[in-house]
Amino acid sequence: MAAEIAIPGDRMGELKDYEAGPGTYTLNGIIFASVVGVKKMTKAKNENNKKSKQRVEIFRKQSASELPERGDIITAKVAKVNSRLAKVNILFSGERLLKETFPGTIRPRDVRAFDIDNVQLYQSFRPGDVVRAEVISRGDQKSYYLSTARDELGVILGMSAAGHAMVPISWNQMQCPVTKAKEPRKVAKIKSVTSNGAKKQKH
Amino acid sequence: RVSAMAAARGTGTYRPRWAPVEKGKDDKPGKSDPSGRLDGRKQFEMRSAFMKVGAVSRATGSAYVETNNVKVVCGVYGPTSNERTSYSDKGQLSCSFEFSPFAREKRRSRDDEQLERAISLMVEEALTASIQLDKFPKAVVKVWVVVLEGKSGYLGAAVTCASLALADAGIEMYDMVSSISVGIRKEDLLMDPTEAERGSSDFGGSLLLAYMPSLQQITYISQKGTIDSKVAQDMVKLCSEGCSKLHSLMRKCLVEAERKRQAKLAREHSRSNSS
């Protein structure tokens, strides 16, 4: 069961015979390895084309360059909130814990899909909240631009002023279970878990 | 116990010695030996090398390279967010080269900082062409090279070590980079000259090459002394052969390390499955 291990620069095949998968790059019609890893051949998912080529990929369990990309659903912790923006630290990309945190920004127009002129950021997020958001652009050098303008995006964990994890009661309110005080947030609508097997929300 | 020692060893044909180098063998400059070189090597023979990855446990990736009298360690950190520079679609490589205080005969002093900065830029130049910078936009990968011991040949070892560390970190690259220098004494080309050879009165100059062996491309070239252009071309050819030899050692080192990692993951996986 000796798996073939490739190092960067190794020739893996030609583009006319194979498809280049993750962990590889192509130059002049030849597929080369980009990382140190195990060579894996997978069948490319192609329903139309009967003659689908095999895909070469170099699999590396712990790869370094995992950065948030446009379209990713990320989980972040809110660091700072003012009238113009909410600054967050991106911790997870999908379900993958990132090795480094990256800064992100949520602007008022990206908090929700309707009535964007009257958004009050401090009524949507508070420092310390954990939010789920979508990366809408790479932004500038300082941070990624994020959006919570979907039902399933927004605050997933918020602490009340009394210091308890709050329960969501509507799309814009959470309640402290101990003091019963209500606090405004842009709440993420998480689909309920059924009793027979968890029905996890797909991201 | 033997297997533990073997596991601790990296790869290569050279086993690190802890005993001091015998006086008189490598040290006397100016002695031109017609039958061969002072340290017993043939004209085109490189010093054998020992390479190991994962030497610095805290770093994202790391490597250690040792040849006779040269010991270099490198740690790679990143990609991390870089808020200081202006926006770029490509990532950045930031190299820092440093001598440890005890690396050379004289203790490292503040006067060495200029040399270290120049070498940092040189290492950066040698490596940047091999990294797929567009894979980590806005971010920076930091490379720290420290020479623990080295009077001659540490430049080549530094670049080779850094390239191994980058591969160990999982940074996406186009190819590995290996580096070696060739000297010229009278009319003889000497592969990987020692400090004694460089210091001898009839030493004409040297050429340092950083090379991507798979893509057959040069990433850095620097030459010292007055050398005929035809001779310089021969030196470049000889250097690239040496770099290819280093490349096969680098491959062995990385493949062995990856196999160990895969085996460890497989053991952990089966353990978590059975529990």
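Kirkwood hydrodynamic radius for the range B:32-88: how many Å is it when counted over pairs of different Cα atoms?
14.9 Å
At a probe of 1.4 Å, how much accessible area disappears from chains B and A on forming the pair, both sides counted, to the nearest 100 Å²?
3100 Å²
Mind checking B:161-169 for the average number of partner chain beta-carbons within 10 Å of each residue's beta-carbon?
Partner-chain Cβ atoms within 10 Å, mean over residues of B:161-169: 2.
Averaged across orientations, what area in nm² does the convex hull of the alpha carbons in chain A project?
16.8 nm²
Give me, ordered by chain and number, the residues 5 or more places off B:Y220 or on other chains with an amide H under 5 Å from its own placed amide H.
So B:Y220 has HN proximity to B:A210.
For the range B:58-88, state which residues have at least 40 Å² less accessible area in the presence of all protein chains than in their chain by itself, taking the probe as 1.4 Å and leaving out ligands, DNA and RNA.
SASA drop of 40 Å² or more in the range B:58-88: B:P79, B:S81, B:E83, B:Y87.
Please report the Cα spread of the protein assembly as shown along all three principal axes, rounded to whole Å, starting with the longest.
Its Cα atoms span 92, 59, 49 Å along the three principal axes.
Could you tell me the center-to-center distance, by alpha carbons, between the range B:95-128 and the range B:155-218 in angstrom?
16 Å
In cubic angstrom, how much convex hull volume per residue do the alpha carbon atoms of chain B span?
Measuring per residue, one finds 163 Å³ for the Cα hull of chain B.
If one computes P(r) from the Cα atoms of the range B:151-275, what percent of pairs lie at distances over 25 Å?
37 percent
Past the 19 Å Cα-Cα mark, which pairs from A:K77/A:K142; A:K99/B:K260; A:K99/B:K142?
A:K99/B:K260
Averaged per residue, what accessible area in Å² does the protein assembly as shown show with a 1.4 Å probe, protein chains only?
53 Å²
Mind listing the long-range amide H neighbours of A:G13? Cut-off is under 5 Å, sequence gap 5 or more, other chains count too, H placed in the peptide plane at 1.01 Å from N.
Counting only residues 5 or more places away or on other chains, the set is A:I31.
Give the angle, between 0 and 90 degrees and rounded to the nearest 10, that separates the Cα long axis of helix B:229-274 from the longest principal axis of the Cα atoms of chain B.
Helix B:229-274 sits at roughly 30 degrees to that axis.
No partner Cβ under 4.7 angstrom, meaning no disulfide-compatible partner by this rule: which Cys of the protein assembly as shown qualify?
A:C176, B:C95, B:C239, B:C243, B:C253
The values are calculated or read from the model by the stated rules, or taken from the named source; none is laboratory data. From a predicted model like this one, the values you see are computed outputs, not experimental measurements. Neighbour counts run over all protein chains shown; Cβ positions are idealised from the backbone, glycine included. What goes into the accessible areas is simple: the full protein's heavy atoms, side chains included, and nothing from ligands, DNA or RNA. Shrake-Rupley method; radii C 1.70, N 1.55, O 1.52, S 1.80 Å.
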